[in-house]
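Each value in this text was obtained by applying a stated rule to the coordinates, not by laboratory testing. Just so it is clear, the model here is predicted, and its values are computed rather than measured. Neighbour counts are summed over all protein chains in view; Cβ atoms, including those assigned to glycine, are modelled from backbone coordinates with ideal geometry.
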Amino acid sequence: MKTDLDQSEKTRLYEDGYVIIRNAIDADAIAQAKSLIESFLPKDERRLLVPGKLATDERITGLFTESCVQQVLETVMGPFPPVLSCQVAVTPPFNKLGGVPGTHVDGGWSGELPEHAEEIDPQTNRPIEAERYFGKNDERRGANDGLLWMDPERTLSYGSYTTLVGIALNDQLELGNGQFAVLKGLHEEVEDCFREQRDKGDIVGPEGYEWPRIRIDKAGRPYNNGLPNRIRKIAGERAAKGAAIESWPWPELTPINLHAGDAIIALHSLPHTPTPNLGPNPRMNIYFRVRRLREGNPNEGTRRVAHGVSDHPDRGYFGQFLEYPEHHNPWATTKDALCDHWSEWDGMQELVAARRQS
Ligand SMILES: [Fe+2]
């Protein structure tokens, strides 16, 4: 069984922010997971709802824990708490997903917003009636139904982890099959944006330097903004250069074409998005969000965090504030990791050091 990435795979991870492991999971495990999910999908409805209990079913989480993926990550990244859960991501057939990919970095708030641009304060990029949407104490989960802030002091407004692992249960080789897509290589730029915010002593994440929390789309509707301004600008420049791939309408995005059983390992900081599934089959991917073990954090491995699925493991999965000892500041630790993402990859240190020297 594969236990490590080879040098060229590590180079891909370093340069592109992701690497694909072909045939990472054996065909029987894939077939079993796929038929289990299919057994829960309504047959004649367009909307496919996957029941939550599948996310912790060992036939699904086993795709990670019982395959080479667990081993490879332990070597390349380092130790991590048990993976208890995952995201079962099914895009129904003939689904345009709104037509425009919502490229983002994971960890942002995605709650309800006002419908019209005039309801957004152009100075703060928050709703004018903020309390109505964000709640009275917007550092807590409550009326806002989510996490606008990670810390009670509101200095960190984004959730994060170390790596996103995607496992394909069906072939996604032809474009238009709902491919996962990425802003290839922009992980370092995203890290720079976090660093710039921290170095200015500003909020890290939306509402911090050059990262408005809410933007207005071309139709005049407010949306939750999952990208710093600089990343959006670079994506726009790439898009303006025109089509790199025929019959792929988003030149800024690199489609990740996977066979059933392939896995992608991506950095948290790599912007990504699902894309429309124009084909006749459901697009089925399983996503795992894994954070390298933080020595000194007594909450590592607690079920409340839901490691494997949570994009905000400094809090409980449902937004609970966890208890931390005085010597462990989870928010400071997270900011350090966001501003130096390779620090969480033990097996990449040699390559990273060599690249930084050259
Ligand atoms: Fe995402």
If you check LEU63, LEU41, LEU54, which single one turns out to be in contact with a helix residue (DSSP H, G or I) (Cβ under 7 Å, 6 or more places away or on another chain) and farther than 30 Å from MET348 by Cα? LEU54
Taking only pairs six or more apart or across chains, which ones have beta-carbon atoms under 7 Å, a first residue in the range 212-240 that is farther than 12 Å from PRO114 by Cβ, and a second residue that is assigned to a strand (DSSP E or B) and within 16 Å of the ligand (Cβ to nearest atom)? ARG215/TYR223; ASP217/TYR223; GLY226/HIS104; LEU227/HIS104
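Out of the residues in the range 222-255 that are in a helix (DSSP H, G or I) and under 21 Å from ASP202 (Cβ atoms), which is nearest to the ligand (Cβ to nearest atom)?
Once the filter is applied, the top-ranked residue is ILE231.
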Restricting the range 107-128 to residues that are of a type in the set (Asp, Glu) and without any contact (Cβ under 8 Å) to a residue 24 or more places away in the chain, which is farthest from the ligand (Cβ to nearest atom)? GLU118
When the range 133-172 is examined, which residues are found to be of a type in the set (Lys, Arg), more than 30 Å from LEU73 (Cβ to Cβ) and touching a residue at least 12 places away in the same chain (Cβ under 8 Å)? ARG140, ARG154
Pick from TRP109, TRP149: which is more than 30 Å from LEU63 (Cα to Cα), crowded, with 16+ Cβ neighbours inside 10 Å and among the hydrophobic types (A, V, I, L, M, F, W, C)? TRP149
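Would you mind finding the one in PRO255, PRO276, PRO271 that is under 15 Å from ASP16 (Cα atoms), surrounded by fewer than 22 Cβ atoms within 10 Å (Cβ to Cβ) and within 19 Å of the chain's Cα centre (by Cα)? Steps first, please.
On the way: PRO276 fails: under 15 Å from ASP16 (Cα atoms); PRO271 fails: surrounded by fewer than 22 Cβ atoms within 10 Å (Cβ to Cβ).
Going through PRO255, PRO276, PRO271 in turn, just one is under 15 Å from ASP16 (Cα atoms), surrounded by fewer than 22 Cβ atoms within 10 Å (Cβ to Cβ) and within 19 Å of the chain's Cα centre (by Cα): PRO255.
Could you please let me know if GLU131 is away from the ligand (no atom under 16 Å from the Cβ), assigned to a loop (DSSP other than H, G, I, E, B) and of a type in the set (Asp, Glu)?
Numbers: away from the ligand (no atom under 16 Å from the Cβ): yes; assigned to a loop (DSSP other than H, G, I, E, B): no; of a type in the set (Asp, Glu): yes.
Considered against the rule, which asks whether it is away from the ligand (no atom under 16 Å from the Cβ), assigned to a loop (DSSP other than H, G, I, E, B) and of a type in the set (Asp, Glu), GLU131 comes out as no.
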Complete set of residues in the range 158-176 that are surrounded by fewer than 23 Cβ atoms within 10 Å (Cβ to Cβ) and away from the ligand (no atom under 16 Å from the Cβ): ASN170, ASP171, LEU173, GLU174, LEU175, GLY176
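Out of all the residues in the range 49-67, which are crowded, with 18+ Cβ neighbours inside 10 Å and touching a residue at least 40 places away in the same chain (Cβ under 8 Å)? Spell out the reasoning first.
Residues of the range 49-67 that are crowded, with 18+ Cβ neighbours inside 10 Å, as a first pass: 54-55, 60-61, 63-64, 67.
Selection gives ALA55, ILE60, THR61, LEU63, PHE64, SER67.
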Of everything in the range 339-358, what is loosely packed, with under 13 Cβ neighbours inside 10 Å and in a helix (DSSP H, G or I)? Give them in sequence order. GLN349, GLU350, ALA353, ALA354, ARG356, GLN357
Could you tell me whether any residue of the range 326-333 is surrounded by 22 or more Cβ atoms within 10 Å (Cβ to Cβ), touching a residue at least 40 places away in the same chain (Cβ under 8 Å) and either part of a helix (DSSP H, G or I) or within 16 Å of the ligand (Cβ to nearest atom) (or both)? no
Go through the range 307-316 and give me each residue that's more than 16 Å from the ligand (Cβ to nearest atom) and touching a residue at least 24 places away in the same chain (Cβ under 8 Å). HIS307, ASP314, ARG315
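Which residue is surrounded by the fewest Cβ atoms within 10 Å (Cβ to Cβ), if the candidates are limited to the range 95-106 and must be in a loop (DSSP other than H, G, I, E, B), within 16 Å of the ligand (Cβ to nearest atom) and not polar (S, T, N, Q)?
GLY98
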Lone qualifier among GLY296, GLY319, GLY301 - being away from the ligand (no atom under 13 Å from the Cβ), assigned to a loop (DSSP other than H, G, I, E, B) and more than 25 Å from ASP340 (Cβ to Cβ): GLY319
